[in-house]
Ligand SMILES: *Cc1c(COP(=O)(O)O)cnc(C)c1O
């Protein structure tokens with residue numbers, strides 16, 4: 001089961017999903033449900049998703065290249081206390097990720113060493129990374145999960161650190177992205 005909203009579509013302009021099976025009976029049942037419940041995408045949505053799919057492979061290579069560059073820069077940055085990227089050997093999920101994936105995607109998060117206010121300022125201080133909640137598109141996005149995507153899990157086991165900043169690394173020039181982040185971190 002895939003969200004096609006993220007990398008598959010990849011241009012932040014369509015929402016959708018896909019269920020894929022090699023089981024003929026299950027396919028029949030799913031087809032019946034889709035047909036009778038009517039949860040089908042519009043023709044233009046389907047066209048946008050198919051158009052995105054044509055460049056999925058090259059986009060993913062670039063997302064991964066850029067995310068690796070940024071994770072490495074953040075790891076050695078004095079204003080960053082921790083980097084979360086499954087491609088890093090010290091990430092707790094690295095072994096599982098390495099078994100399941102050839103590369104590690106475009107999502108990178110980090111803790112700002114100076115706490116919540118500094119994290120907010122960094123998220124608000126980039127010019128190439130756009131402040132927004134989504135992910136998996138060609139454009140780079142930055143956000144503060146504690147106040148934005150993960151505000152609803154505050155006080156639960158899923159609560160995220162207040163100094164956390166999340167990046168969805170896009171396919172722009174890697175050097176430009178690195179410079180933009182360095183400027184925002186000061
Ligand atoms: C992820 C996302 C959604 C939800 O899409 P799903 O396919 O259900 O994951 C909706 N809107 C935006 C802007 C998103 O980034």
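Residue-level check: of (1) touching a residue at least 60 places away in the same chain (Cβ under 8 Å); (2) on the phi > 0 side of the Ramachandran plot, residue 107 misses just (2).
Comparison of 152, 140, 168 shows that the only residue that is closer than 22 Å to residue 94 by Cα, within 16 Å of the ligand (Cβ to nearest atom) and either free of Cβ contacts under 8 Å to residues at least 24 places away in the same chain or not assigned by TED's automatic domain parsing to the domain that holds residue 15 (or both) is 168. Against the list (1) modelled with pLDDT of 95 or more; (2) within 16 Å of the ligand (Cβ to nearest atom), the condition residue 57 fails is (2).
Being more than 16 Å from the ligand (Cβ to nearest atom), more than 20 Å from residue 142 (Cβ to Cβ) and outside the structural domain of residue 113 (by TED's automatic domain parsing) is a property that does not hold for residue 17. Looking at 93, 9 in this structure, which one is within 30 Å of residue 175 (Cβ to Cβ), within 16 Å of the ligand (Cβ to nearest atom) and surrounded by 11 or more Cβ atoms within 10 Å (Cβ to Cβ)? Just one listed residue meets the conditions, 9. Does residue 62 satisfy the criteria of being part of a helix (DSSP H, G or I), in contact with a helix residue (DSSP H, G or I) (Cβ under 6 Å, 6 or more places away or on another chain), at pLDDT 95 or above and in the same structural domain as residue 128 (by TED's automatic domain parsing)? So residue 62 does not fit the description; no. Of all the criteria given as (1) exposed (fewer than 10 other Cβ atoms within 10 Å of the Cβ); (2) within 10 Å of the ligand (Cβ to nearest atom), the one not satisfied by residue 23 is (2).
Taking the conditions (1) within 18 Å of the chain's Cα centre (by Cα); (2) surrounded by fewer than 15 Cβ atoms within 10 Å (Cβ to Cβ) in turn, residue 117 satisfies each one other than (1).
The values are calculated or read from the model by the stated rules, or taken from the named source; none is laboratory data. In this text, all values refer to a predicted model and were calculated from it rather than measured experimentally. A quick note on method: Cβ atoms are made from the backbone with ideal geometry, for glycine too, and the neighbour counts reach across all protein chains shown.
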